[in-house]
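**Q** Below: one structure in structure tokens.
Coordinate-derived values only; no laboratory data. Source: prediction; values computed, not measured. Virtual Cβ from ideal backbone geometry, glycine too; neighbours counted across all protein chains shown.
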Ligand SMILES: *Cc1c(COP(=O)(O)O)cnc(C)c1O
């Protein structure tokens, strides 16, 4: 735990981002992805606000454990929770947890589909099926549609409540990338296979942030944004300028300057005795890899300076040519609400906004405000 260092989450910006998103996606319902602690921002506070103040009614998580935590922390609120990857479906105790906590499994293979259909506890649960259209991670295979349809018919189900797939390369161009083109073709084929099967499909979704930012998948009933609602673009630099998204980061990562001192050119600083590139000033900040301030940020620009030498467990050094604008005890912002402050650190350090956010751990307190 730290005192002055904090990730300050401004939930009113989440509301603004949602409004901006609704302008691009006027007709779509939203499943807001809040897995991995709401992308590092704090699962409970983020979801509570998104539901109560923004009106989002469906949330997506990766694991049953996250889902139970969310449901039991906000027992009075009414929203859907879907679990996408770690289902634990072969375990009868876990299946009972889905039922008692009203958590919806997203079924990604025929083994789990059979279990779901046989278990009478899921009789009144919506059936959400995830197909592999070419990402080759989870998902029922394209050549298993008939088998899935047969299983449904045998168990007396005539509808799939939600049919979905997930793109492997949505951060790349949805128009020219060959993987994306093939996945879209397979998706269209999948829908037409279902159309001819006698099983009706009520809802569909294919798009995460990268696809939504390119206006793809908006003819489906739902979209599944994660990253963009937290602010950044998911698209990669050469084509990022084609993104429709101009969100604001909902968080500011603040830390404290512990010390400022003058250095001469070549003077060594910190672990590994990294020589200073020029004469100037160095600020020592109270963030290190023990907080999730990654070692790969070495040499990246932060708060008008550059990370000099090795990132330590508890501290890092920021070099300023000439004089440093901060003094001991001052607040220094690693990133702020300006979208570019996260994107540039992520680009420069060879990361993604996803990894920047998710690397922050419990040692950094999350604080929340909503105006
Ligand atoms: C995480 C996830 C999303 C959201 O992805 P973003 O790139 O953060 O928008 C959507 N769908 C599925 C299946 C996911 O796992």
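**Q** So residue 167 passes all but one of these: (1) in contact (Cβ under 8 Å) with a residue 12 or more places away in the chain; (2) touching a strand residue (DSSP E or B) at 6+ places or on another chain (Cβ under 8 Å); (3) surrounded by 14 or more Cβ atoms within 10 Å (Cβ to Cβ). Which condition number does it fail?
**A** (2)
**Q** Also, I was wondering about something else. Step by step: first the residues of the stretch 201-238, then only those that are under 20 Å from residue 350 (Cβ atoms) and surrounded by fewer than 22 Cβ atoms within 10 Å (Cβ to Cβ), then the one that is nearest to the ligand (Cβ to nearest atom). Which residue is that?
**A** It comes out as 236.
**Q** Considering each of 265, 254 in turn, give the residue that is more than 16 Å from the ligand (Cβ to nearest atom) and under 22 Å from residue 14 (Cβ atoms).
**A** 254
**Q** Moving on to the next point. If I filter the stretch 69-80 for residues that are within 30 Å of residue 174 (Cα to Cα) and either surrounded by 14 or more Cβ atoms within 10 Å (Cβ to Cβ) or out of contact with any helix residue (DSSP H, G or I) (no Cβ under 6 Å at 6 or more places or on another chain) (or both), do I get at least one hit?
**A** Yes: one or more hits.
**Q** Residues of the stretch 185-200 being buried (at least 16 other Cβ atoms within 10 Å of the Cβ) and either within 14 Å of the ligand (Cβ to nearest atom) or not in a helix (DSSP H, G or I) (or both), which ones?
**A** Residues satisfying the conditions are 187, 197, 199.
**Q** Here's something else I'd like to know. Those residues that are in contact with a strand residue (DSSP E or B) (Cβ under 9 Å, 6 or more places away or on another chain) and in a loop (DSSP other than H, G, I, E, B), I need them from the stretch 236-254; list them, please. I'd like the intermediate steps shown before the answer.
**A** Restricting attention to the stretch 236-254, the residues satisfying the condition of being in contact with a strand residue (DSSP E or B) (Cβ under 9 Å, 6 or more places away or on another chain) are 248-254.
Result: 248, 249, 250.
**Q** Something else: Do we have residue 212 as under 22 Å from residue 29 (Cβ atoms) and in contact with a strand residue (DSSP E or B) (Cβ under 6 Å, 6 or more places away or on another chain) here? Spell out how you get there, then give the answer.
**A** Working: under 22 Å from residue 29 (Cβ atoms): yes; in contact with a strand residue (DSSP E or B) (Cβ under 6 Å, 6 or more places away or on another chain): yes.
Taking the combined requirement at face value, the residue satisfies it.
**Q** Turning to a different aspect of this structure: Residues of the stretch 129-139 being in contact with a helix residue (DSSP H, G or I) (Cβ under 6 Å, 6 or more places away or on another chain) and under 14 Å from residue 111 (Cα atoms), which ones?
**A** Hit for the stretch 129-139 is 131, nothing else.
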